[in-house]
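Presented below is the structure to which this report refers.
The values are calculated or read from the model by the stated rules, or taken from the named source; none is laboratory data. Predicted, not measured: the structure shown is a model, and the values here were computed from it. Every residue, glycine among them, receives a Cβ derived from its backbone with ideal geometry; neighbour counts consider all protein chains shown. The protein model used for the area step is the full one, side chains on, heavy atoms only, and it has no ligands, DNA or RNA in it. Shrake-Rupley method; radii C 1.70, N 1.55, O 1.52, S 1.80 Å.
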Amino acid sequence: MTRPLIGITAARRSEEQSALVRAVGGEPMVGPCIGLEEPTPDPEILTGIDSALAAPLDIAVFLTGIGTMHLFQAVERAGRIGIFRAALGGARVLARGTKSRRALRRWGFDPTWVAEPPLSTAVAAHLLEQGVAGRRVLVQGVADDTGLADALRDGGGEVIEVRPYRLGVAGDRDARDLVRAAGSGRLAAITFTSPPAVAGFAARCDDLGLRPSDLGHVGCVTAAVGPTTAAAMRSCGLTVDVEPRVPRMGAMYQELGRHLGSVR
(Lines give C-alpha, C1' and ligand atoms only; values in the text may rest on other atoms or scores of the structure.)
Protein backbone atom coordinates (compact mmCIF):
# COMPACT_ATOMS: atom_id res chain seq x y z
CA MET A 1 0.00 0.00 0.00
CA THR A 2 1.27 3.47 -0.89
CA ARG A 3 2.35 5.50 2.10
CA PRO A 4 0.60 8.89 2.37
CA LEU A 5 2.77 11.87 1.46
CA ILE A 6 3.11 14.32 4.35
CA GLY A 7 4.56 17.79 3.85
CA ILE A 8 7.00 19.40 6.29
CA THR A 9 7.24 23.19 6.17
CA ALA A 10 9.94 23.58 8.84
CA ALA A 11 13.54 24.52 8.12
CA ARG A 12 14.98 23.22 11.40
CA ARG A 13 14.82 19.63 12.68
CA SER A 14 13.48 18.42 9.32
CA GLU A 15 15.35 15.12 9.64
CA GLU A 16 13.73 14.48 13.01
CA GLN A 17 10.33 15.36 11.60
CA SER A 18 10.89 13.07 8.61
CA ALA A 19 11.56 10.21 11.03
CA LEU A 20 8.34 11.02 12.90
CA VAL A 21 6.41 11.02 9.61
CA ARG A 22 7.74 7.55 8.77
CA ALA A 23 6.93 6.36 12.29
CA VAL A 24 3.24 7.13 11.74
CA GLY A 25 3.21 5.41 8.35
CA GLY A 26 3.78 8.34 6.03
CA GLU A 27 6.36 9.44 3.49
CA PRO A 28 7.90 12.89 4.15
CA MET A 29 8.18 15.70 1.64
CA VAL A 30 10.36 18.49 2.99
CA GLY A 31 9.93 22.02 1.64
CA PRO A 32 11.21 24.59 4.15
CA CYS A 33 9.01 27.66 3.98
CA ILE A 34 11.27 29.76 6.20
CA GLY A 35 14.98 30.32 6.25
CA LEU A 36 17.19 29.21 9.09
CA GLU A 37 17.73 31.73 11.85
CA GLU A 38 20.23 34.47 11.07
CA PRO A 39 21.64 36.55 13.92
CA THR A 40 20.64 40.20 13.90
CA PRO A 41 23.72 42.43 13.41
CA ASP A 42 25.39 43.20 16.73
CA PRO A 43 24.86 47.00 16.50
CA GLU A 44 21.07 46.49 16.31
CA ILE A 45 21.09 44.11 19.29
CA LEU A 46 23.30 46.45 21.31
CA THR A 47 21.08 49.45 20.62
CA GLY A 48 18.26 47.60 22.35
CA ILE A 49 20.52 46.44 25.17
CA ASP A 50 21.72 50.01 25.75
CA SER A 51 18.08 51.10 26.07
CA ALA A 52 17.44 48.28 28.53
CA LEU A 53 20.48 49.23 30.62
CA ALA A 54 19.62 52.93 30.74
CA ALA A 55 17.75 52.32 34.02
CA PRO A 56 17.27 49.36 36.38
CA LEU A 57 15.35 46.43 34.92
CA ASP A 58 12.44 44.89 36.80
CA ILE A 59 11.71 41.93 34.54
CA ALA A 60 13.55 40.10 31.73
CA VAL A 61 11.77 37.58 29.51
CA PHE A 62 13.57 35.14 27.21
CA LEU A 63 11.41 33.41 24.62
CA THR A 64 13.73 31.11 22.66
CA GLY A 65 16.96 29.23 23.18
CA ILE A 66 18.52 30.43 19.93
CA GLY A 67 17.54 34.03 20.64
CA THR A 68 18.94 33.89 24.17
CA MET A 69 22.22 32.53 22.81
CA HIS A 70 22.55 35.21 20.10
CA LEU A 71 21.72 37.99 22.56
CA PHE A 72 24.26 36.95 25.19
CA GLN A 73 26.95 36.33 22.58
CA ALA A 74 26.47 39.79 21.07
CA VAL A 75 26.71 41.39 24.52
CA GLU A 76 29.84 39.37 25.31
CA ARG A 77 31.50 40.35 22.02
CA ALA A 78 30.86 44.00 22.89
CA GLY A 79 32.56 43.59 26.27
CA ARG A 80 29.37 44.42 28.20
CA ILE A 81 28.58 41.00 29.65
CA GLY A 82 29.44 42.04 33.21
CA ILE A 83 27.10 45.03 33.13
CA PHE A 84 24.37 42.91 31.54
CA ARG A 85 24.75 40.18 34.14
CA ALA A 86 24.46 42.74 36.92
CA ALA A 87 21.29 44.20 35.39
CA LEU A 88 19.69 40.77 35.10
CA GLY A 89 20.77 39.95 38.63
CA GLY A 90 18.46 42.67 39.92
CA ALA A 91 15.50 41.59 37.77
CA ARG A 92 13.01 38.74 37.69
CA VAL A 93 14.18 36.48 34.86
CA LEU A 94 11.49 34.44 33.08
CA ALA A 95 11.75 31.78 30.37
CA ARG A 96 9.04 30.77 27.91
CA GLY A 97 10.08 27.12 27.87
CA THR A 98 12.81 24.57 28.42
CA LYS A 99 15.00 25.74 25.50
CA SER A 100 15.30 29.28 26.77
CA ARG A 101 15.78 27.97 30.33
CA ARG A 102 18.67 25.76 29.21
CA ALA A 103 20.26 28.65 27.34
CA LEU A 104 19.96 30.91 30.39
CA ARG A 105 21.54 28.28 32.60
CA ARG A 106 24.55 28.13 30.27
CA TRP A 107 25.10 31.79 31.09
CA GLY A 108 24.66 31.27 34.83
CA PHE A 109 21.00 32.25 35.27
CA ASP A 110 18.25 30.04 36.64
CA PRO A 111 14.91 31.65 35.71
CA THR A 112 12.49 32.37 38.51
CA TRP A 113 9.56 31.16 36.39
CA VAL A 114 9.17 28.97 33.28
CA ALA A 115 5.99 29.04 31.19
CA GLU A 116 4.04 25.80 30.90
CA PRO A 117 2.79 25.36 28.24
CA PRO A 118 5.67 27.20 26.53
CA LEU A 119 3.57 29.95 24.96
CA SER A 120 3.95 33.71 24.81
CA THR A 121 0.30 34.01 25.78
CA ALA A 122 1.06 32.11 29.00
CA VAL A 123 3.92 34.51 29.75
CA ALA A 124 1.67 37.52 29.10
CA ALA A 125 -1.12 36.13 31.30
CA HIS A 126 1.33 35.43 34.15
CA LEU A 127 2.90 38.89 34.07
CA LEU A 128 -0.34 40.79 33.57
CA GLU A 129 -1.90 38.95 36.51
CA GLN A 130 0.98 40.13 38.70
CA GLY A 131 0.93 43.60 37.18
CA VAL A 132 3.48 45.29 34.94
CA ALA A 133 2.35 48.91 35.15
CA GLY A 134 5.39 51.13 35.64
CA ARG A 135 7.80 48.17 35.38
CA ARG A 136 10.74 48.11 32.98
CA VAL A 137 10.64 44.86 31.02
CA LEU A 138 13.26 43.47 28.66
CA VAL A 139 11.77 41.04 26.12
CA GLN A 140 13.96 38.83 23.95
CA GLY A 141 11.66 38.96 20.95
CA VAL A 142 10.95 36.52 18.15
CA ALA A 143 11.30 37.49 14.48
CA ASP A 144 8.33 39.68 13.52
CA ASP A 145 6.01 38.62 16.38
CA THR A 146 5.30 41.58 18.70
CA GLY A 147 2.34 40.00 20.52
CA LEU A 148 3.95 39.66 23.96
CA ALA A 149 5.58 43.09 23.89
CA ASP A 150 2.33 44.70 22.76
CA ALA A 151 0.35 42.95 25.52
CA LEU A 152 2.78 44.12 28.20
CA ARG A 153 2.75 47.68 26.86
CA ASP A 154 -1.06 47.62 26.94
CA GLY A 155 -0.71 46.57 30.59
CA GLY A 156 1.32 49.68 31.35
CA GLY A 157 4.82 48.24 31.19
CA GLU A 158 7.83 50.03 29.76
CA VAL A 159 8.94 47.34 27.31
CA ILE A 160 12.31 47.18 25.60
CA GLU A 161 12.15 44.48 22.93
CA VAL A 162 15.34 43.06 21.41
CA ARG A 163 15.11 40.61 18.51
CA PRO A 164 18.47 38.82 18.26
CA TYR A 165 17.67 36.83 15.11
CA ARG A 166 15.57 36.92 11.98
CA LEU A 167 13.64 34.33 10.02
CA GLY A 168 13.48 34.85 6.28
CA VAL A 169 11.02 33.35 3.80
CA ALA A 170 12.74 30.60 1.88
CA GLY A 171 13.11 31.12 -1.84
CA ASP A 172 14.25 27.67 -2.90
CA ARG A 173 12.61 25.21 -5.25
CA ASP A 174 11.69 22.75 -2.50
CA ALA A 175 9.30 25.23 -0.88
CA ARG A 176 7.54 25.90 -4.17
CA ASP A 177 7.35 22.18 -4.95
CA LEU A 178 5.75 21.58 -1.57
CA VAL A 179 3.14 24.28 -2.14
CA ARG A 180 2.33 22.88 -5.61
CA ALA A 181 2.00 19.37 -4.16
CA ALA A 182 -0.36 20.64 -1.47
CA GLY A 183 -2.48 22.61 -3.92
CA SER A 184 -2.75 19.74 -6.39
CA GLY A 185 -3.93 17.23 -3.80
CA ARG A 186 -0.76 15.11 -3.84
CA LEU A 187 -0.23 15.62 -0.11
CA ALA A 188 -2.30 13.69 2.38
CA ALA A 189 -1.29 16.19 5.05
CA ILE A 190 0.95 19.16 5.74
CA THR A 191 2.47 20.19 9.07
CA PHE A 192 3.31 23.59 10.55
CA THR A 193 5.51 24.12 13.61
CA SER A 194 5.81 27.93 13.72
CA PRO A 195 3.97 31.07 12.61
CA PRO A 196 6.86 32.10 10.30
CA ALA A 197 6.48 28.78 8.46
CA VAL A 198 2.78 29.56 8.02
CA ALA A 199 3.61 33.03 6.70
CA GLY A 200 6.21 31.61 4.32
CA PHE A 201 3.77 28.99 3.03
CA ALA A 202 1.09 31.63 2.48
CA ALA A 203 3.60 33.85 0.64
CA ARG A 204 4.54 30.98 -1.67
CA CYS A 205 0.85 30.29 -2.31
CA ASP A 206 0.43 33.91 -3.35
CA ASP A 207 3.48 33.71 -5.64
CA LEU A 208 1.99 30.66 -7.38
CA GLY A 209 -1.55 32.00 -7.65
CA LEU A 210 -2.97 29.65 -5.00
CA ARG A 211 -5.00 30.31 -1.88
CA PRO A 212 -4.20 28.58 1.42
CA SER A 213 -7.91 27.83 1.80
CA ASP A 214 -7.70 25.67 -1.36
CA LEU A 215 -6.08 22.89 0.69
CA GLY A 216 -9.42 22.02 2.23
CA HIS A 217 -10.91 21.46 -1.21
CA VAL A 218 -8.27 18.93 -2.26
CA GLY A 219 -8.38 16.85 0.92
CA CYS A 220 -5.03 17.92 2.40
CA VAL A 221 -5.11 17.56 6.19
CA THR A 222 -3.47 20.47 8.02
CA ALA A 223 -1.66 20.04 11.35
CA ALA A 224 -0.49 22.70 13.83
CA VAL A 225 2.00 22.06 16.61
CA GLY A 226 0.14 24.34 19.04
CA PRO A 227 -2.26 27.24 19.52
CA THR A 228 0.09 30.03 18.39
CA THR A 229 0.77 28.29 15.09
CA ALA A 230 -2.91 27.35 14.77
CA ALA A 231 -3.92 31.01 15.16
CA ALA A 232 -1.46 32.00 12.42
CA MET A 233 -2.90 29.32 10.16
CA ARG A 234 -6.47 30.50 10.64
CA SER A 235 -5.49 34.12 10.07
CA CYS A 236 -4.23 33.31 6.56
CA GLY A 237 -7.19 31.12 5.62
CA LEU A 238 -5.90 27.68 6.52
CA THR A 239 -8.12 25.34 8.48
CA VAL A 240 -6.64 23.43 11.43
CA ASP A 241 -7.56 19.76 11.23
CA VAL A 242 -5.06 18.47 13.79
CA GLU A 243 -3.72 20.16 16.93
CA PRO A 244 -2.37 18.18 19.88
CA ARG A 245 -3.48 19.00 23.40
CA VAL A 246 0.18 19.32 24.40
CA PRO A 247 2.06 21.67 22.03
CA ARG A 248 4.90 19.33 21.15
CA MET A 249 6.17 18.14 17.78
CA GLY A 250 5.99 14.43 18.68
CA ALA A 251 2.45 14.82 19.99
CA MET A 252 1.42 16.56 16.76
CA TYR A 253 2.64 13.67 14.62
CA GLN A 254 1.02 11.09 16.87
CA GLU A 255 -2.28 12.94 16.59
CA LEU A 256 -1.83 13.31 12.84
CA GLY A 257 -1.19 9.57 12.51
CA ARG A 258 -4.41 8.81 14.38
CA HIS A 259 -6.33 11.30 12.26
CA LEU A 260 -5.06 9.88 8.98
CA GLY A 261 -5.77 6.34 10.18
CA SER A 262 -9.37 7.27 10.90
CA VAL A 263 -9.97 8.82 7.46
CA ARG A 264 -8.18 6.26 5.29
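Listing for the model above:
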{"quantity": "PRO227 surrounded by fewer than 17 Cβ atoms within 10 Å (Cβ to Cβ), in contact (Cβ under 8 Å) with a residue 40 or more places away in the chain and farther than 23 Å from PRO4 by Cβ", "calculated": "yes"}
{"quantity": "Any hit, the range 123-132, residues being outside any helix (DSSP H, G or I) and either modelled with pLDDT under 90 or not aromatic (Phe, Trp, Tyr) (or both)", "calculated": "yes"}
{"quantity": "Number of the exception - LEU71 against (1) outside any helix (DSSP H, G or I); (2) modelled with pLDDT of 95 or more", "calculated": "(1)"}
{"quantity": "Cβ-Cβ under 7 Å pairs, at least 6 apart or on other chains, the range 231-259 side exposed (fewer than 15 other Cβ atoms within 10 Å of the Cβ), far side assigned to a helix (DSSP H, G or I) and among the hydrophobic types (A, V, I, L, M, F, W, C)", "calculated": "GLY250/LEU20"}
{"quantity": "Search result, residues across the range 19-48 that are closer than 19 Å to GLY200 by Cβ and more than 19 Å from the chain's Cα centre (by Cα)", "calculated": "PRO28, MET29"}
{"quantity": "Some residue of the range 188-198 being in contact (Cβ under 8 Å) with a residue 12 or more places away in the chain and open to solvent by 50 Å² or more (accessible area, probe 1.4 Å)", "calculated": "no"}
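Residue-by-condition table, conditions (1) touching a Gly at 6+ places or on another chain (Cβ under 6 Å); (2) closer than 30 Å to ARG258 by Cβ:
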position: LEU88; (1), (2): no, no
position: ARG105; (1), (2): no, no
position: VAL114; (1), (2): no, yes
position: ASP150; (1), (2): no, no
position: PRO164; (1), (2): yes, no
position: ARG173; (1), (2): no, no
position: VAL179; (1), (2): no, yes
position: ALA188; (1), (2): no, yes
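Results for (1) open to solvent by less than 10 Å² (accessible area, probe 1.4 Å); (2) under 24 Å from ARG245 (Cβ atoms), shown as yes or no for each residue.
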| position | (1), (2) |
| --- | --- |
| GLY79 | no, no |
| ILE83 | no, no |
| TRP113 | no, yes |
| LEU152 | yes, no |
| GLU158 | no, no |
